[in-house]
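Chemist: Provided herewith is a single structure, encoded as structure tokens, for subsequent inquiry.
The values are calculated or read from the model by the stated rules, or taken from the named source; none is laboratory data. If you're wondering where the values come from, they're calculated on a predicted model, not measured in any experiment. When we count neighbours, we look across all protein chains shown, and the Cβ atoms used for this are built from the backbone with ideal geometry, even at glycine. Ligands, DNA and RNA are stripped out before the accessible areas are found, and what is left, the full protein with its side chains, is counted by its heavy atoms. Shrake-Rupley method; radii C 1.70, N 1.55, O 1.52, S 1.80 Å.
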Amino acid sequence: MSFCIAGVLSRLFVGIYPLGLLLLLALPTGQYGKAALVSGCWTIGNALGSPVAGIVADRFGQRRTLLLSIFAHFALATMTLGSVALDAPLPATLLLALLLGVSAVNTGPMTRARWATMWPDGSTERSAAYSVETVLDEVVFAIGPLLTAALAIQVSPYLAVASAVLLTACGATWLLFQRHTEPPRQPPVARVHRRLAARYPGMPLLLVLLLALGATCGAAEVLLVARSAELGQPGGAGLVLTCFAVGSGVSAVLYGSRTRSGPTSLRLALSASAFGLLPALYLTADSLLVLMACSAVNGLSMAPTIINAFHLLDELVPVAIQTEGMNWVWSSLSLGFGAGTATVGRIADELGARSTFSLPVVCALSAAAAAHLLHSRLKLRTKTEVPNTSR
């Protein structure tokens with residue numbers, strides 16, 4: 001489907017902005033505290049804007065949402081780059097980075113909503129489509145850091161950030177013209193007195209899980225860049241981050257091609273358990289090659305966890321608010337990512353990257369604990385509902 005290609009192009013910024021903004025401020029000084037704050041503010045802004053974009057897309061359609069985003073994104077990107085170039089006060093740069101994140105609409109939930117409209121819930125086609133989308137997400141996270149590192153180090157970090165603006169505008173424009181696959185807007189009567197997607201039973205714990213998962217990835221990304229510099233190879237940061245995406249992409253293909261049975265919440269708990277244990281490997285990395293290997297192994301648990309999270313979302317949230325629900329998922333991931341990114345920069349400056357890897361280890365274990373708690377609660381709810389329905 002051509003909307004998949006347009007979706008990938010329009011969301012490449014997800015793999016570019018966090019590292020691009022980090023390098024934009026860190027390369028001239030070698031300090032990661034301020035750079036991580038700006039990068040984290042962008043990610044937090046993107047997290048805050050995602051649910052709003054989902055609600056707007058469900059109510060007014062994806063086309064109008066994308067049109068508004070394109071113009072706002074271009075204006076705010078220009079202002080953010082100008083702020084850094086003119087060495088504006090830090091609060092102003094942080095505010096602009098936050099607003100820039102809000103304006104950038106992640107089209108991943110939009111393309112998944114298009115698949116959800118085409119295929120019924122629980123069908124093998126929808127499962128395969130979600131796996132394809134997860135692979136495409138990893139393509140974004142593989143290409144984005146490589147492109148960013150190459151442009152930032154070899155040419156200019158400003159060009160790296162500007163490339164995100166151009167790619168987003170091209171992809172979003174392509175996507176908004178594909179009206180035949182766009183999900184229909186929900187009639188007003190279907191939206192009266194409904195709850196937010198985040199308030200449906202099971203959703204709060206799922207979002208907490210994803211928040212911890214995002215914090216693990218955000219903290220790890222900054223620390224992988226800093227650790228590469230500590231090992232004397234700052235240019236290898238893009239390769240290290242790409243290894244994570246490649247590992248996740250491989251697992252997405254393998255996991256997505258299998259027929260799965262058993263409760264979705266149990267599968268999520270198992271994949272989250274692997275995700276919780278693997279980050280401890282980062283503490284053993286004493287060379288760039290070992291760091292790349294640890295990154296690839298950690299990536300193996302990422303895609304199954306994300307795939308299972310989206311399948312569980314299908315079970316928890318009504319189809320009528322599917323786009324909103326998917327945006328809540330990405331919002332939690334992004335909010336956690338931004339918090340992790342903003343937190344570890346200054347700590348890494350003080351203690352060193354290797355010691356600071358203990359923080360993403362704790363976050364990953366928290367994600368695993370939340371997954372097991374969610375599974376136990378949903379299992380208990382299922383047991384209590386069966387007797388009630390049989391009366």
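Chemist: Rounded to the nearest whole Å², what accessible area per residue is found for the chain with the 1.4 Å probe?
Modeler: That works out to 41 Å² per residue.
Chemist: What FRET efficiency, computed as 1/(1 + (r/R0)^6) with R0 = 30 Å and r the Cβ-Cβ distance, is obtained for residue 128 and residue 179, rounded to the nearest 0.05? Before the final figure, lay out each step's value.
Modeler: Values: r = 24 Å, r/R0 = 0.81.
According to the calculation, E is roughly 0.80.
Chemist: Still on this structure, please answer the following. Of the heavy-atom accessible surface of segment 1-139 (probe 1.4 angstrom), what whole percent is carbon and sulfur?
Modeler: 74 percent
Chemist: Any chance you could run the full-extension gain for residue 380 through residue 27? It's 0.36 nm times the residue separation minus the Cα-Cα distance, nm to one decimal.
Modeler: 121.9 nm
Chemist: Let me ask something else about it. Expressed as a rounded percentage, what relative contact order does segment 53-114 have, with Cα pairs under 8 Å and six or more residues apart?
Modeler: 38 percent
Chemist: Here's something else I'd like to know. Roughly how far apart, in whole Å, are the Cα centres of segment 268-305 and segment 135-167?
Modeler: 23 Å
Chemist: Tell me the label-point distance for the pair residue 254, residue 289, using the 7 Å Cα-to-Cβ offset, in nm and rounded to one decimal.
Modeler: In this crude label model, residue 254 to residue 289 measures out at 2.2 nm.
Chemist: Evaluate the relative contact order of the chain (contact order divided by residue number), counting alpha-carbon pairs under 8 angstrom at least 6 apart; express in whole percent. Could you put the intermediate results ahead of the total?
Modeler: Values: 685 pairs, mean separation 114.8, N = 391.
Rounded, it is 29 percent for the chain.
Chemist: Suppose each label sits 7 Å from its Cα in the direction of the beta carbon; what would the residue 316-residue 362 distance come out to in nanometres?
Modeler: Roughly 2.5 nm, to one decimal.
Chemist: Among 226-237, 243-254, what's the highest-first ranking by average C-beta atoms within 10 angstrom per residue?
Modeler: On the way: 226-237: 19.1, 243-254: 21.6.
Ranked from most to least packed, the peptides come out as 243-254, 226-237.
Chemist: For the chain, which DSSP H helices look membrane-span-like by this rule: Cα extent along the axis of 24 Å or more and mean Kyte-Doolittle of at least 1.0?
Modeler: Qualifying helices, which must be both long enough and hydrophobic enough, are 157-176, 203-230, 237-256.
Chemist: Could I have the simple spin-label model distance between residue 166 and residue 88, label points 7 Å from Cα toward Cβ, reported in nm to one decimal?
Modeler: 2.3 nm
Chemist: Also, quick follow-up: Please work out how much length the chain gains when fully extended from residue 158 to residue 5, using 0.36 nm per residue of separation minus the C-alpha to C-alpha distance, in nm with one decimal. Write out the running numbers ahead of the final one.
Modeler: Working: separation 153, 0.36 × 153 = 55.08 nm, distance 2.56 nm.
Separation in residues times 0.36 nm, less the Cα-Cα distance, equals 52.5 nm.
Chemist: So what is the calculated 222 nm ellipticity per residue for the chain, using -39500 (n - 2.57) for each DSSP H run with n of 4 or more, over all residues, to the nearest 500 deg cm²/dmol?
Modeler: -26500 deg cm²/dmol
Chemist: Separate question: Quick check for me: using +1 on Lys/Arg Cβ and -1 on Asp/Glu Cβ, what's the dipole size of the chain about its Cα centre, in debye to the nearest 20? Could you put the intermediate results ahead of the total?
Modeler: Working: 25 positive and 17 negative charges, 255 e Å.
It comes to approximately 1220 debye.
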